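Trainee: Here's a structure for you.
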Amino acid sequence: MTPYWRVLAIRYATAQLPAAHLDLDADVHDAIGTLDYFIWVVSNGDRHIVVDTGFEPEEGARRGRQLIRHPVESLRLLGIDPDAVSDVILTHLHYDHAGNLGTFTNARFHLQDAEMEYATGRCMCHPRMRRPFCADDVTRAVRLVYEGRLVFHDGDFAFAPGLGVHRVGGHSRGLQVVRAEARGRPVVIASDALHLGHYLADGGVFPMFADYGNVLEGYQRLRQLAGDSGLILPGHDPGVLTRFAPVRPEWPDVVEVI
Ligand SMILES: [Zn+2]
Ligand SMILES: [Zn+2]
């Protein structure tokens with residue numbers, strides 16, 4: 001066991017959509033240009049914790065997203081058997097973060113109370129609020145509750161030494177981020193608390209959120225969690241793949257964040 005956590009970012013899909021797609025019926029992702037889609041693995045040698053599970057291929061295709069490699073296939077390439085994964089942290093329940101739940105047959109899934117309440121509550125009566133959710137994924141998450149495999153959290157919790165989870169909210173009501181003590185510096189996996197890195201500097205907000213004010217407050221929270229030496233990892237930024245080195249040259253979509 002290493003005394004620090006390794007953080008891997010695994011790109012599994014991409015979307016290149018012109019701003020002209022922005023209209024009342026377009027997915028708001030369409031106004032952004034290029035978005036990459038990631039899952040993450042936090043590992044200390046002994047233990048692999050999966051952070052988010054990507055979208056179901058059919059759901060991604062339905063929304064015009066280009067699958068690069070199924071996220072579970074990437075895990076297998078890395079020698080991680082999904083049946084052997086003990087813990088999956090779900091940052092939130094949007095379709096691109098909480099698909100493929102049935103693949104991890106022995107895992108416990110960690111989710112905030114507020115996220116389940118939001119995804120199954122009255123806000124979902126409104127089409128624009130439920131758009132980033134997939135009813136099948138949410139239903140599977142509910143089934144996990146009844147199978148005794150969903151672990152609820154209310155706010156921050158210490159997952160393991162040097163590994164914490166922190167509720168930020170904003171983009172989705174119960175969004176949580178992961179902070180890991182990596183080699184020499186903390187890494188904060190922001191997921192959709194920060195879609196693109198430049199939002200931190202220019203105060204931009206991805207135009208899909210449950211609470212605008214909490215998105216902005218979330219940026220402050222990310223800075224606090226990272227501290228002076230820390231690194232904040234945005235959830236959909238194509239720059240992640242160019243900023244960090246691939247774990248193997250033949251896998252350009254799998255990088256170690258350091
Ligand atoms: Zn999201
Ligand atoms: Zn997302």
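Trainee: What number of residues in segment 198-233 are in contact with a helix residue (DSSP H, G or I) (Cβ under 8 Å, 6 or more places away or on another chain), more than 16 Å from ligand 1 (Cβ to nearest atom) and either under 24 Å from Arg6 (Cα atoms) or among the aliphatic types (A, V, I, L, M) (or both)?
Mentor: Applying the first criterion (in contact with a helix residue (DSSP H, G or I) (Cβ under 8 Å, 6 or more places away or on another chain)) to segment 198-233 yields 199-200, 203-210, 219, 222-223, 232-233.
Then drop every residue that is not more than 16 Å from ligand 1 (Cβ to nearest atom), which leaves 200, 203, 223, 232.
Adding the requirement that they be either under 24 Å from Arg6 (Cα atoms) or among the aliphatic types (A, V, I, L, M) (or both) leaves 200, 223, 232.
Counting residues in segment 198-233 that are in contact with a helix residue (DSSP H, G or I) (Cβ under 8 Å, 6 or more places away or on another chain), more than 16 Å from ligand 1 (Cβ to nearest atom) and either under 24 Å from Arg6 (Cα atoms) or among the aliphatic types (A, V, I, L, M) (or both) gives 3.
Trainee: Restricting the search to segment 177-197, which residues are within 13 Å of ligand 1 (Cβ to nearest atom) and under 19 Å from Ala114 (Cβ atoms)?
Mentor: Passing the criteria: Val177, Ala190, Ser191, Asp192, Ala193, Leu194.
Trainee: Could you check, for segment 109-127, whether at least one of its residues is under 21 Å from Ala158 (Cα atoms) and within 12 Å of ligand 1 (Cβ to nearest atom)? Talk me through it step by step, then tell me what you get.
Mentor: Step one: filter segment 109-127 for residues under 21 Å from Ala158 (Cα atoms), giving 109-116.
Pick out the ones that are also within 12 Å of ligand 1 (Cβ to nearest atom) and you get 115.
Among the residues of segment 109-127, at least one is under 21 Å from Ala158 (Cα atoms) and within 12 Å of ligand 1 (Cβ to nearest atom), which makes the answer yes.
Trainee: Only one residue in Gly45, Gly64, Gly79 is at positive phi, in contact with a Ser or Thr (Cβ under 9 Å, 6 or more places away or on another chain) and not polar (S, T, N, Q), so which one is that?
Mentor: Working: Gly64 fails: in contact with a Ser or Thr (Cβ under 9 Å, 6 or more places away or on another chain); Gly79 fails: in contact with a Ser or Thr (Cβ under 9 Å, 6 or more places away or on another chain).
Result: Gly45 is the single residue among Gly45, Gly64, Gly79 that is at positive phi, in contact with a Ser or Thr (Cβ under 9 Å, 6 or more places away or on another chain) and not polar (S, T, N, Q).
Trainee: Moving on to the next point. Tyr95 versus (1) away from ligand 1 (no atom under 13 Å from the Cβ); (2) modelled with pLDDT of 95 or more; (3) crowded, with 16+ Cβ neighbours inside 10 Å: which is the lone unmet condition?
Mentor: Result: Tyr95 fails condition (1) only.
Trainee: Another one. How many residues are within 16 Å of ligand 2 (Cβ to nearest atom) and assigned to a strand (DSSP E or B) if we restrict to segment 132-157?
Mentor: The total comes to 1.
Trainee: A further question on this structure: Within segment 98-123, track down each residue that is in contact with a strand residue (DSSP E or B) (Cβ under 9 Å, 6 or more places away or on another chain) and loosely packed, with under 15 Cβ neighbours inside 10 Å.
Mentor: Within segment 98-123, just Asp113 meets the criteria.
Trainee: Where in segment 158-258 are there strands (runs of 3 or more DSSP E), lying fully within it, with 2 or more residues that are among the β-branched types (Val, Ile, Thr), at pLDDT 95 or above and within 18 Å of the chain's Cα centre (by Cα)? Walk me through it before giving the result.
Mentor: On the way: elements: 163-167, 176-181, 186-191, 231-234, 254-256.
By residue number, 176-181, 186-191, 254-256.
Trainee: Right, here's the next one. Any residue that is surrounded by 15 or more Cβ atoms within 10 Å (Cβ to Cβ) and away from ligand 2 (no atom under 15 Å from the Cβ) - is there at least one of those in segment 193-202? Explain how you work it out, then say what you get.
Mentor: Keep residues of segment 193-202 that are surrounded by 15 or more Cβ atoms within 10 Å (Cβ to Cβ), which gives 193-197, 199-200.
Add one more test, that the residue is away from ligand 2 (no atom under 15 Å from the Cβ), and what stays is 200.
The answer is yes; a qualifying residue exists.
Trainee: Cβ-Cβ under 7 Å, sequence separation 6+ or interchain: first residue in segment 75-97 and under 24 Å from Asp192 (Cα atoms), partner more than 16 Å from ligand 2 (Cβ to nearest atom) and basic (Lys, Arg). Which pairs?
Mentor: Ser86/Arg108; Asp87/Arg108
Trainee: If the requirement is being without any contact (Cβ under 8 Å) to a residue 24 or more places away in the chain and at negative phi, which of these qualifies: Ala245, Ala210, Ala190? Walk me through it before giving the result.
Mentor: On the way: Ala210 fails: without any contact (Cβ under 8 Å) to a residue 24 or more places away in the chain; Ala190 fails: without any contact (Cβ under 8 Å) to a residue 24 or more places away in the chain.
Among Ala245, Ala210, Ala190, only Ala245 is without any contact (Cβ under 8 Å) to a residue 24 or more places away in the chain and at negative phi.
Listed here are the residues, each with its yes/no results for (1) buried (at least 23 other Cβ atoms within 10 Å of the Cβ); (2) under 15 Å from Asp237 (Cβ atoms); (3) modelled with pLDDT of 95 or more.
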{"site": "Trp5", "(1), (2), (3)": "yes, no, yes"}
{"site": "Ala9", "(1), (2), (3)": "yes, yes, yes"}
{"site": "Pro18", "(1), (2), (3)": "no, no, no"}
{"site": "Leu22", "(1), (2), (3)": "no, no, no"}
{"site": "Val28", "(1), (2), (3)": "no, no, no"}
{"site": "Thr34", "(1), (2), (3)": "no, yes, no"}
{"site": "Gly45", "(1), (2), (3)": "no, no, no"}
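The values are calculated or read from the model by the stated rules, or taken from the named source; none is laboratory data. What you see is a predicted model; the values in this text were computed from it and never measured. Reconstructed Cβ throughout: ideal geometry from the backbone, glycine too, with neighbour counts over all protein chains shown.
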